[in-house]
Amino acid sequence: MGLDIIFQLEYLSSMKIKTSITLSEDVLKSIDRFSKQYKNRSAFIETASRAFIAQMLRDAKNAKDLDIINRSSRRLNEEAGEVLAYQVAL
């Protein structure tokens, strides 16, 4: 599902909507400093926003995976113990 959202965002990226945001002065100075390799501030902010959203999606998926592992940890540890019991001592 996460990739579907990313593809939808990429498709919608061609549809631009003008908006206004308020930023602190230090953030704006940093944007200006790093945005020179982009067409303009908007392109930089859009790229940064996409990267942040992608990271949030990965974090959510990782948290879900970790929850599944944690819920199964007792059973997995028991299985690992059984496997180790079958090993021959060297």
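The values are calculated or read from the model by the stated rules, or taken from the named source; none is laboratory data. Since we're looking at a predicted model, the values are computed, not measured. As a convention, Cβ positions derive from the backbone with ideal geometry for all residues, glycine included, and neighbour counts pool all protein chains shown.
For the stretch 43-90, which positions are more than 30 Å from residue 18 (Cα to Cα) and touching a residue at least 12 places away in the same chain (Cβ under 8 Å)? Lay out the reasoning, then the answer.
Step one: filter the stretch 43-90 for residues more than 30 Å from residue 18 (Cα to Cα), giving 61-90.
Result: 61, single match.
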**Message:** Within the stretch 64-90, take every residue that is loosely packed, with under 10 Cβ neighbours inside 10 Å and small (Gly, Ala, Ser) and give me the one that is farthest from the chain's Cα centre (by Cα).
**Reply:** 89
**The one condition in (1) charged (D, E, K, R); (2) assigned to a helix (DSSP H, G or I); (3) out of contact with any Gly (no Cβ under 8 Å at 6 or more places or on another chain); (4) modelled with pLDDT of 85 or more that residue 18 fails to fulfil** = (2)
**residue 63 being of a type outside the set (S, T, N, Q), assigned to a helix (DSSP H, G or I) and at pLDDT 90 or above** = yes
